[in-house]
Amino acid sequence: MVAATIGMLSSSSLPSGARFLNNHSSISINKNCVNPICTVSASTEMASPFKAEDARIPPAIPLPTPPISKFKIALCQLYVTSDKDRNIAHARETIEEAARKGAQLILLPEIWNSPYSNDSFPVYAEEIDANKSPSTAMLSEVSQRLKITIIGGSIPERSGDRLYNTCCVFGTDGKLKTKHRKIHLFDIDIPGQMTFKESKTLTAGETPTIVDTDVGRIGIGICYDIRFQELATIYAARGAHLICYPGAFNMTTGPLHWELLQRARAADCQLYVATCSPARDSNSSYVAWGHSTLVGPFGEVIATTEHDEAIVISEIDYSLIEQRRTFLPFQRQRRGDLYQLVDVQRLNSTRTS
């Protein structure tokens, strides 16, 4: 790949109609140029159209009409202990309370049935596919009984000789609609502040996850996945109304980036973003930041909480997505002639279908 820096030219030195402030000027770069200031030539020839539809490969799917326009979401910020049975029972009680308060969509935290540690993941892991998972059995039962949609946070999953950080989504019929295995593993080292390497025990997932539910089309990420804007952009291009990120940011990155990243993903994609963290336990080896939050399609914080255990209930109004996209129509202004984002999974599926 050859990078080139375009040198400054005086607009007065260019022919009328070919100045840089005119969008119809065209620029050519000498790719063989060794000097960082490369040759730039301007022409009165019309530039190619922006080709917004070509900025997403395959083209973005139009936002689908959701089954419901307005509904309540509950972010259940749970206090997690080392007692799995207690964690499961407490999550059930909290979901039931949220449903009594009118929530039709429930979001649980990342790793809500286990302490968040590499030592704990193998001990608390459950075999979801083999129906040896008391945590997901509870989510299935309560979603069917209460006729609600549950984004089941995440739990350690055992599959063969591998462990995953996995989010399960249950529909109002109690059936498992999909599961998302955390794609980007949390491997960081900030000397003197935070060191954690999920890859010591966990395997990275391979598939972006988007699912149609009774409360709209939802993209799923887990914690560290939120840092990767490409994943969120793929979800937006697949027609997501909402992206849910169960997450457990820590006391180092949480104050700096937790809200910032949520608002960025929502504003970038002009859709809703919901996050749910465990409540803070200062005695734990990993201390969560908390602050479960719902962000709207303008990047505005709609509802949030502090670090204690809480149920955050707020309304989602999908009509605001189209409204915001009308106010700021940058989805239709992308420069497909200059850059593209390729959804590899979707592209391959269209080639083989």
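Remarks
- Selection of the stretch 311-323 for residues being open to solvent by 30 Å² or more (accessible area, probe 1.4 Å) and either among the acidic types (Asp, Glu) or assigned to a strand (DSSP E or B) (or both) yields Ile311, Ile313, Glu315, Glu322.
- Residues of the stretch 85-113 satisfying the condition of being basic (Lys, Arg) and out of contact with any strand residue (DSSP E or B) (no Cβ under 9 Å at 6 or more places or on another chain): Arg86, Arg92, Arg100
- Residue in the stretch 301-310 that is surrounded by fewer than 19 Cβ atoms within 10 Å (Cβ to Cβ) and farther than 24 Å from Tyr79 by Cβ present: no
- Residues of the stretch 209-248 classified as within 15 Å of Asn165 (Cβ to Cβ), assigned to a loop (DSSP other than H, G, I, E, B) and in contact with an Asp or Glu (Cβ under 9 Å, 6 or more places away or on another chain), total: 3
- Qualifying residue in the stretch 36-57 (condition: open to solvent by less than 60 Å² (accessible area, probe 1.4 Å), under 24 Å from Thr233 (Cα atoms), at pLDDT 50 or above and not aliphatic (A, V, I, L, M)): yes
- Qualifying position, being out of contact with any strand residue (DSSP E or B) (no Cβ under 8 Å at 6 or more places or on another chain) and either open to solvent by 60 Å² or more (accessible area, probe 1.4 Å) or more than 24 Å from Arg92 (Cβ to Cβ) (or both), among Pro191, Pro134: Pro191
- Restricting attention to the stretch 146-163, the residues that are within 22 Å of Gln77 (Cα to Cα) and charged (D, E, K, R) total 2.
- Close pairs (9 angstrom Cβ cut-off, 6 or more residues apart or separate chains): more than 14 Å from Ala274 (Cβ to Cβ) in the stretch 209-227, among the aliphatic types (A, V, I, L, M) and open to solvent by 10 Å² or more (accessible area, probe 1.4 Å) anywhere: Thr209/Ile183; Ile210/Ile234; Asp214/Ile68; Tyr224/Ile183; Tyr224/Leu185; Tyr224/Ile188; Arg227/Leu261
- Test: residue in the stretch 104-125 that is surrounded by 16 or more Cβ atoms within 10 Å (Cβ to Cβ) and at positive phi: yes
- Flag if Ile183 is touching a residue at least 12 places away in the same chain (Cβ under 8 Å), of a type in the set (A, V, I, L, M, F, W, C), farther than 15 Å from Cys276 by Cβ and open to solvent by less than 20 Å² (accessible area, probe 1.4 Å): no
This table checks each residue for (1) within 22 Å of Phe196 (Cβ to Cβ); (2) in a strand (DSSP E or B); (3) open to solvent by 20 Å² or more (accessible area, probe 1.4 Å).
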| residue | (1), (2), (3) |
| --- | --- |
| Pro278 | yes, no, no |
| Ser282 | yes, no, yes |
| Gly299 | no, no, no |
| Arg325 | no, no, yes |
| Gln331 | no, no, yes |
| Tyr339 | no, no, yes |
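- In summary, Asp129 fulfils each of the numbered conditions (1) part of a helix (DSSP H, G or I); (2) more than 22 Å from the chain's Cα centre (by Cα) with the single exception of condition (1).
- Count of residues meeting criterion [at pLDDT 95 or above, β-branched (Val, Ile, Thr) and in a strand (DSSP E or B)] in the stretch 147-188: 7
The values are calculated or read from the model by the stated rules, or taken from the named source; none is laboratory data. These figures come from a predicted structure and were not determined experimentally. Cβ sites come from the backbone with ideal geometry, for glycine too, and all protein chains shown count toward neighbours. Calculation scope for accessible area: heavy atoms of the full protein, side chains included, ligands and nucleic acids excluded. Shrake-Rupley method; radii C 1.70, N 1.55, O 1.52, S 1.80 Å.
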